[in-house]
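Comments concern the structure below.
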Amino acid sequence: ARRARELDPISPTRHAFLGLILYRARKYDDAITACEKALELDPNYPNADWFLAVALEQKGEFPEAIARLKKAVSLSDAPLYRALLGDAYALAGQKAKALSTLKELQVLSKQRYVSPLDIALVYTGLGDKDSAFEWLEKAYQERIMRIQELPQPHFDSLRSDPRFQDLLRRIGLPP
């Protein structure tokens with residue numbers, strides 16, 4: 001990713017996806033820097049706001065993470081952005097807003113596809129492990145490709161649960 005950024009230094013995509021990789025590596029400050037550069041190049045690139053927000057969230061900077069996710073939602077109707085916003089609300093202690101966002105996703109799912117992983121993400125933020133695992137199991141049963149995101153920091157609060165380890169084993173990911 002660094003090499004791609006060197007080859008194409010004015011691409012917001014290259015900077016943002018480096019930020020995502022750094023987030024997944026739990027190098028949050030470096031992820032923030034890469035995403036901020038992406039947003040300098042394109043202030044309306046919703047993926048850069050997404051990747052920046054999740055790194056900020058891991059550092060406990062919830063107001064800024066929420067602001068970034070609200071912006072991403074305004075730029076794109078992707079249910080994932082709404083789910084990430086619900087998760088951020090939950091982690092910031094704004095349970096009513098998180099539950100409202102969850103309800104929006106459930107209503108939206110009657111009109112268009114919403115990944116079970118997105119629903120699981122909000123339940124994870126709310127600390128409702130049983131519901132999170134119910135929706136993660138649905139994602140597994142539906143063979144949702146994004147199930148491979150389980151090792152990401154979003155799901156760290158589930159990691160100690162035996163159901164998490166079982167799910168990782170079934171999808172072929174290391175514990």
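The values are calculated or read from the model by the stated rules, or taken from the named source; none is laboratory data. From a predicted model like this one, the values you see are computed outputs, not experimental measurements. Heads up, the Cβs are rebuilt from the backbone with ideal geometry, glycines too, and the neighbour counts pull from every protein chain shown. Each accessible area value is taken on the protein alone, full model and side chains, heavy atoms only, with ligands, DNA and RNA left out. Shrake-Rupley method; radii C 1.70, N 1.55, O 1.52, S 1.80 Å.
State yes or no: is R5 basic (K, R) and either more than 23 Å from L150 (Cβ to Cβ) or open to solvent by less than 40 Å² (accessible area, probe 1.4 Å) (or both)?
Details: basic (K, R): yes; either more than 23 Å from L150 (Cβ to Cβ) or open to solvent by less than 40 Å² (accessible area, probe 1.4 Å) (or both): yes.
Criteria met by R5.
Looking at the stretch 5-17, can you tell me whether even one residue there is under 15 Å from the mean Cα position of the chain (by Cα), within 15 Å of H154 (Cα to Cα) and assigned to a helix (DSSP H, G or I)? No: the stretch 5-17 contains no residue that is under 15 Å from the mean Cα position of the chain (by Cα), within 15 Å of H154 (Cα to Cα) and assigned to a helix (DSSP H, G or I). Within this structure, P63 passes the test of being closer than 23 Å to I32 by Cα, more than 12 Å from the chain's Cα centre (by Cα) and of a type outside the set (G, A, S).
Let's see how each residue does on (1) at pLDDT below 95; (2) touching a strand residue (DSSP E or B) at 6+ places or on another chain (Cβ under 6 Å); (3) more than 16 Å from L102 (Cβ to Cβ):
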position	(1), (2), (3)
L117	no, no, no
T124	no, no, no
K138	no, no, no
Q141	no, no, yes
R146	yes, no, yes
L150	yes, no, yes
L158	no, no, yes
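Candidates are the residues of the stretch 54-82 that are under 17 Å from T101 (Cα atoms) and of a type in the set (G, A, S); the one that is surrounded by the fewest Cβ atoms within 10 Å (Cβ to Cβ) is S74. Cβ-Cβ contacts under 6 Å between residues 6 or more apart (or on different chains), taken from a first residue in the stretch 116-131 that is farther than 13 Å from S157 by Cβ to a second residue that is open to solvent by 10 Å² or more (accessible area, probe 1.4 Å) and hydrophobic (A, V, I, L, M, F, W, C), are listed as P116/W135; L117/I144; D118/L80; I119/W135. When residues in the stretch 74-117 are screened for being touching a Lys or Arg at 6+ places or on another chain (Cβ under 7 Å) and part of a loop (DSSP other than H, G, I, E, B), 1 of them pass.
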